[in-house]
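The values are calculated or read from the model by the stated rules, or taken from the named source; none is laboratory data. Just so it is clear, the structure is predicted and the values come from calculations on it, not from any experiment. We place every Cβ from the backbone using ideal geometry, glycine too, and count neighbours over all the protein chains shown.
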Amino acid sequence: MRAILPRFWAWPSQLRKRGVLGINRRNLNYLFEANPRSVYKLADDKAVTKTICREHGIPVPETYAVIKRFGDLQQLSEIIDGRDEFVVKPAGGSGGRGVLVIIARNNGLFDIANGQMISLSGLRYHISTTLSGLYSLAGQPDHVILEQRIVPHPVFEKLAVRGTPDTRIIMYRGSPVMAMLRLPTKASKGRANLHQGAVAVGINLQTGQTFGGVYFDRAVTIHPDTGIDVGGVTIPCWDEVLRIAGNVSNIIKIGYIGIDIMLDAQHGPLVLEVNARPGLSVQIANRCGLLPTLQQIDSKLSSSTPVDASKKLVLDLAQVHLNQNLS
Amino acid sequence: MVKEQRLVAWTVVILVITGSLCIAARLKSLYRARLPRGETVWRLTYDIDLPALKGGKIHIAIPDSTPYSRVFRESFSHQGIWMDILRTKRTLGREAIIVPIVGHDRGRFIAQFDILLKSEQEPKLPNPKVQLTTEEIEHYLQEEKAVQLTDPYVLNILSQLTSKQINKSKVLERIFEYCSENIVQGGQGATSDALGALQKGSATTLGRARAMIVLCRTAKIPARLVTGFFLESALDARKRYWVEVYSRKYWLPCDPENGYFGELPSTFVPIRRDSTDIVRSSLIFDYKARYSIRRLLPPPSFTALPENRLWNILDLTRLSPGMQEIITLLLLLPLGALITTIFRNIIGIHTFGTFTPALIALSFVQADWRTGAVVFFIVLTVGILARLLLNKLKLLMVARLSVILTLVVLCMILAVSILDYLGLTPSASAVLLPMVIMTMMIERFNITAEEDGHKQAFKIFAGTMAVALCCLLVLREGHIAKLVLAFPEIQLLNAAALIVIGRYSGYRLNELWRFRDIARSGTQGVS
């Protein structure tokens, strides 16, 4: 039996052996335990996250404006006046929903990164539906951020299809646990959202080199659109990325957190957003479960220790993780 | 963690023990329960054969609870016909309205009513106080078939019975006396016509009742005929007739045949007022009806604890059948939630909204599933298409949702009306489809389709439907409905089960599939 069946599913014992974290356990043991309800708003409202990061000197994309009321829409043309490229983003959205990346102006129309075009009134409508809560987590009224468009670092030129790749680092109690590089595809319509069909590649925490890969929850090693090998790419400024992620998790006291960082060609790593409920596909990208590392962190830190941790520990754990991958 | 687990374990244990103890205690008392002295249980069975159905509505009068008797259980079987139960306010009656299903030309309606007769220790008024309107009074004073008002013979008798000095209630007594003494019970071939009864001095029960109605109405006292049954064992029970006269805001029952005036023994169960027929239709049609009555031994599940015991609060079967139906629906909802929770947290199926599947299933529980399905799919398709068109109008969200809600309501009503036009009579319960839930589902479907692609939207839609179907299959099961009604304590066990699932930290079934590549792969970069 066991020899044939695993083609279609894995036995729970196999997943346990690989340390795979399931969604129920993530919710019960990590989100409930490590993420107090009161700090969710710091992660769920991107405008708030950005403000906190900026106050602490953490690089974020430049904000042009935050639209909070329908009345503000009248100033829309003034806000974007003279800007040919910018990003319109719901402050409370998730999974890249409702994000418009404007890459150029064309006879009064705006070119969107996914190849479509939109008029000024279309933009206004998009913002007003966002304000009324179309993309927010629970359909509540939302804010809209207009910010700097990130130009992908040249290293990603071949890998990115119609969008900007980003790196997600899963942090637990101040230590990096796992990381992945998310690459947009045709299926994901330029968004780096795994549910919509973006490809993710595991990142070796120690070296910043990519390996493995996942596409629609299946293990892959090539980009589905271009056929290019996604492994073996070294993320530029990887130490800087890890350092920024550590700082963010020290400031925003969320125990279990996913930090999304984009690498701008000019400005280097910029924190895009933080996610208080990071998904689990990162495990498939890394071909490895999250549990062993999480448990190691728990056993190293007594439960009374606050969320921040020494840099030494961070590196120790990175080493642990590396060993695990190689074993 | 450990603290929480202990707390969870204790809560579950307490819930399970409390629930089980309650059920056990009630079961024990139920088995030991005896009917109080003087109370009896009867079963009235209707067996109506409709050999040539043509269409059109047929009204069948059915018993209702009175101060003396309580219909505590009823069951219906209706082949080839669709049925609904309505209450007529004016005559305080209940009717089963049946309509043939297209393609069926023969139907059979079988119904059983279990009636508890209360003891007659405290006399109660058989009918509640009512204030008749002028039209109603006129209605109960007018002439009708076999009730001839203006006949000189009737006037003559009435003038003998009345004089200017006496008041109406005295007149009423005299009329009653006349009908019970001067008209004798006729044998074969006796008349059932009011005038005939008065002229011949002998008549059937119906004739005597009508004679009394004629005299009352001529004396300007509103009166009506009551058709019903005596509760006594009979394989082929005869319809009985008596009279109700309106006096001092009460309908007083009078039976000239047996000499009851103002009150009746509790064995008289009224079925229909104002008519002699139990089965009635605007069309002429053939039917064969057989009514039988037998006395029942109180079944063990029958709760007959002495009244006004606090314990009885838990006994929901003492409520009227109509109320029981609604309460059963409510009690089934947490069960639907349990099923949804199992699907979402243990199997890992995504649905639109948390309780959408349970609510959709619930609205189908009592509806005829075919009409339900037709209405459901019409609403859904039109809703989704309309939403696509609305996209072009670029409306704000709340306004857009409200427009869709309006369209959903319109579609639903149109669908019901079209079904009716086609002769496929829709069941009223299909309209119970949770419209707001449907609206939200259409909206979520569209957003998901737009954001995550149609494939994902259909996947979640299929998940929602699959969970709803499973809920429906379980909730439709009649035994489960009876069980939750008989033992509301089951909800405690349900809560315990939900708490256990709420602490389940194992893999979801779909994760065994989702993460299978991790289990298969070696250490690095193998696919």
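Here the stretch A:143-173 is the region considered, the condition is being touching an Asp or Glu at 6+ places or on another chain (Cβ under 9 Å) and of a type in the set (Asp, Glu), and the residue that is farthest from the other protein chains (Cβ to nearest Cβ) is A:147. Within the stretch B:458-466, can one find any residue that is crowded, with 16+ Cβ neighbours inside 10 Å, within 14 Å of chain A (Cβ to nearest Cβ) and not in a helix (DSSP H, G or I)? No, the stretch B:458-466 has no match at all. The residue that is farthest from the other protein chains (Cβ to nearest Cβ), among those in the stretch A:194-220 that are in a strand (DSSP E or B) and among the aromatic types (Phe, Trp, Tyr), is A:215. Looking across the stretch A:153-169, just one residue is among the aliphatic types (A, V, I, L, M) and assigned to a helix (DSSP H, G or I), and that is A:155. Inside the stretch A:93-111, residues that are more than 14 Å from chain B (Cβ to nearest Cβ) and buried (at least 20 other Cβ atoms within 10 Å of the Cβ) make up a count of 3. Inspection of the stretch A:26-39 identifies no residue that is in contact with a Ser or Thr (Cβ under 8 Å, 6 or more places away or on another chain), more than 14 Å from every other protein chain (Cβ to nearest Cβ) and closer than 30 Å to residue B:510 by Cα. Within the stretch B:334-354, the residues that satisfy the criterion of being of a type in the set (A, V, I, L, M, F, W, C) and modelled with pLDDT of 90 or more are B:335, B:337, B:338, B:339, B:342, B:343, B:346, B:347, B:349. Those strands (runs of 3 or more DSSP E) of the stretch B:59-138 in which at least 3 residues are closer than 22 Å to residue B:318 by Cα and modelled with pLDDT of 75 or more, considering only elements entirely within it, cover B:69-79, B:93-100, B:107-117.
For residue A:179, the criteria (1) closer than 28 Å to residue A:34 by Cβ; (2) out of contact with any Gly (no Cβ under 9 Å at 6 or more places or on another chain) hold in every case but one, which is (2). Pairing each residue of the stretch B:496-519 that is within 7 Å of chain A (Cβ to nearest Cβ) with any residue that is among the aromatic types (Phe, Trp, Tyr) and surrounded by 15 or more Cβ atoms within 10 Å (Cβ to Cβ), provided the two are 6+ apart or on different chains, yields C-beta distances under 6 Å for B:512/A:9; B:513/A:9; B:516/A:9. Taking the stretch A:213-242 as the range and being at negative phi, surrounded by 17 or more Cβ atoms within 10 Å (Cβ to Cβ) and touching a helix residue (DSSP H, G or I) at 6+ places or on another chain (Cβ under 8 Å) as the test, the residues that pass are A:214, A:219, A:233, A:235, A:242.
Taking the stretch B:248-274, which residues are without any contact (Cβ under 8 Å) to a residue 60 or more places away in the chain and under 25 Å from the mean Cα position of the chain (by Cα)? Across the stretch B:248-274, the qualifying residue is only B:268. The strands (runs of 3 or more DSSP E) found entirely in the stretch A:82-152 that carry 1 or more residues being over 22 Å from the mean Cα position of the chain (by Cα) and over 21 Å from residue A:164 (Cα atoms) are A:100-106, A:109-112.
Residue A:191 passes every criterion in (1) touching a residue at least 60 places away in the same chain (Cβ under 8 Å); (2) within 10 Å of chain B (Cβ to nearest Cβ); (3) not in a loop (DSSP other than H, G, I, E, B) apart from (3). Listed by first and then second residue, the pairs linking a residue in the stretch B:93-120 that is on the phi > 0 side of the Ramachandran plot to a residue that is surrounded by fewer than 19 Cβ atoms within 10 Å (Cβ to Cβ) and of a type in the set (Asp, Glu), with Cβ atoms under 8 Å apart and 6 or more places separating them unless they lie on different chains, form an empty list.
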